[in-house]
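The values are calculated or read from the model by the stated rules, or taken from the named source; none is laboratory data. Everything quoted here is computed from the prediction, not taken from an experiment. Heads up, the Cβs are rebuilt from the backbone with ideal geometry, glycines too, and the neighbour counts pull from every protein chain shown.
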Amino acid sequence: MRYQITGKQIDIGAALQTHVQDELGAVVQKYAQRPTDATVIFSKSGHEFVCEATVHLSTGLTASAKAHANEIYAAFDACAEKMDKQLRRYKRRLKDHHKDRTEPVELIGASSYILASDTDTEESEPESLQPMIVAEIETTIPSLTVGEAVMQMELAGAPVLVFRNEKKDGVNVVYRRDDGNIGWIDP
């Protein structure tokens with residue numbers, strides 16, 4: 001597995017990198033036989049250290065976790081524990097989908113846009129009905145079943161996931177509702 005361990009405006013020593021590789025490798029190996037790469041980013045927020053970890057699995061699924069602590073090792077250990085819990089929760093599904101799916105998840109290209117928010121507090125008419133585009137980003141849309149999409153959304157900790165439905169060959173959306181349930185939009 002390839003590791004990318006970085007720090008945002010903090011120095012990451014060799015001992016911490018070795019600790020991350022050993023611990024994260026052990027956690028991921030228990031539940032996913034073929035992880036491809038892992039990205040771990042350490043940063044500082046006030047007096048706390050923040051650790052964000054993202055692991056890409058060979059099936060195309062992505063798992064991510066984030067944790068805060070007063071010490072950098074404690075932040076990573078809490079993040080690894082969250083990753084362990086997520087992967088343990090979905091272990092049966094990961095293994096079942098891994099057996100059924102001989103090919104990795106198919107990805108199709110798409111554009112993602114970030115629109116400027118209206119910071120004007122007055123109740124006035126906008127100059128135009130076209131929003132101002134702040135950024136345009138290339139992204140991918142996975143081709144999944146609805147069950148896999150819900151699992152991917154949970155593993156990634158995302159509030160929304162746009163995917164191409166394998167069964168109906170159309171673009172669908174799953175999202176977390178305010179009441180805690182999962183919503184599914186199938187146009």
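Numerical summary
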| quantity | calculated |
| --- | --- |
| Unmet requirement for residue 28, which otherwise passes all of (1) farther than 23 Å from residue 142 by Cβ; (2) among the β-branched types (Val, Ile, Thr); (3) in contact (Cβ under 8 Å) with a residue 12 or more places away in the chain | (1) |
| Some residue of the stretch 96-119 being farther than 20 Å from residue 17 by Cβ, at pLDDT 70 or above and basic (Lys, Arg) | no |
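Here is a yes/no grid of residues against (1) in contact with an Asp or Glu (Cβ under 8 Å, 6 or more places away or on another chain); (2) crowded, with 18+ Cβ neighbours inside 10 Å; (3) at negative phi:
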residue: 21; (1), (2), (3): no, no, yes
residue: 25; (1), (2), (3): no, no, yes
residue: 30; (1), (2), (3): yes, no, yes
residue: 44; (1), (2), (3): no, no, yes
residue: 49; (1), (2), (3): yes, yes, yes
residue: 52; (1), (2), (3): no, no, yes
residue: 55; (1), (2), (3): yes, yes, yes
